[in-house]
Amino acid sequence: MTEQKPSELAQADPPGEPEKTSSPRWSKTTKLAVSFAGILIIFGLIIKLQDYLSLILAALLLLTLSLSAQDFLAKTAVGLHAGTQSGTGYSMRFMGEKHGLQTTFGAGTWGDDDVYFPTRFTYWYNDYYTDYWYRDIESGSEDAPYDTLITITQNGRYNVVNLGLNYIYTLDKFDVLMQKDRGRLYVMAGGSYKYYRQNTFTKNYRWVTVEDTLDWDHYEPVDNSEPISKSKLEHRWTAGAGLGVELGLGKNFRVALELPITYNWEQRIVMYIPQIGFYYYFK
């Protein structure tokens, strides 16, 4: 009987331990097919659970952070992004090997509250898009208008605040301009929220008939009070998912392009509106 050497005993497999097997890696075609299926599932959930969209985005953020907590800050980028799903404004990307997170913030103010209301006008009505006043052809130039009491509305300043939150899952990396792994193919899912505040001003006018042949029948303000101001608030959201690609433009600069399918606050499904972003990656 031959005795086993101590080294041979140490190399022997422990009794009762199952043999380790490695599962085959997915091909690129399989990854792409699964990604499309995932996009459809996410999009279906967005439509079905649109009343809980804020909870879904919060859960998406927590899930993304937990997937790659330590590796999450491996690559951090700042830049600009524009899109319906991504949001429009300043943007940051936190990219790990597979998982990433993109946040976007933007705000702006347009218009002026110094609106103009005429002291009188003859058969003229306000045009919404300009500061001019046009004659109402239907009422004619000889007869009195249909409405002897009208309200003129002018739009003033409006403010917009835009927030975006999206999860990124990397499907594959590829070379760009002979630079290794400077390109990224990924799936992007999430949404954006917009807060609108529009100021409007209204003033009441009455029709005045004059007997003086040297004057014209006309509209004039009902009283000399200041225009009535109101603020209209509107909450708009867009959620969706789609494929994207990120291309390296040198050592630190990259451009991102996405083509999502989205569902918005008007309950409309929108496709083929591209998104674009420009980023600077820190070391």
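If neighbour count is taken as other Cβ atoms inside 10 Å, put HIS99, HIS81 in order from fewest to most.
Numbers: HIS99 20, HIS81 26.
In order of increasing Cβ crowding within 10 Å: HIS99, HIS81.
Hull surface divided by four, with the convex hull built on the Cα atoms of the stretch 209-283: how many nm²? Show your work: numbers first, answer last.
Working: hull surface 51.7 nm².
Averaging across all directions leaves 12.9 nm² for the Cα convex hull.
Remark: the ASP223-GLN267 segment gains 11.5 nm on full extension, using 0.36 nm per residue and subtracting the alpha carbon distance.
The numbers here are math on the coordinates, done by the rules we state, and not lab data. The model shown is predicted, which means the values in this text are computed figures rather than measured ones. Positions of Cβ are backbone-derived with ideal geometry, glycine not excepted, and every protein chain shown enters the neighbour counts.
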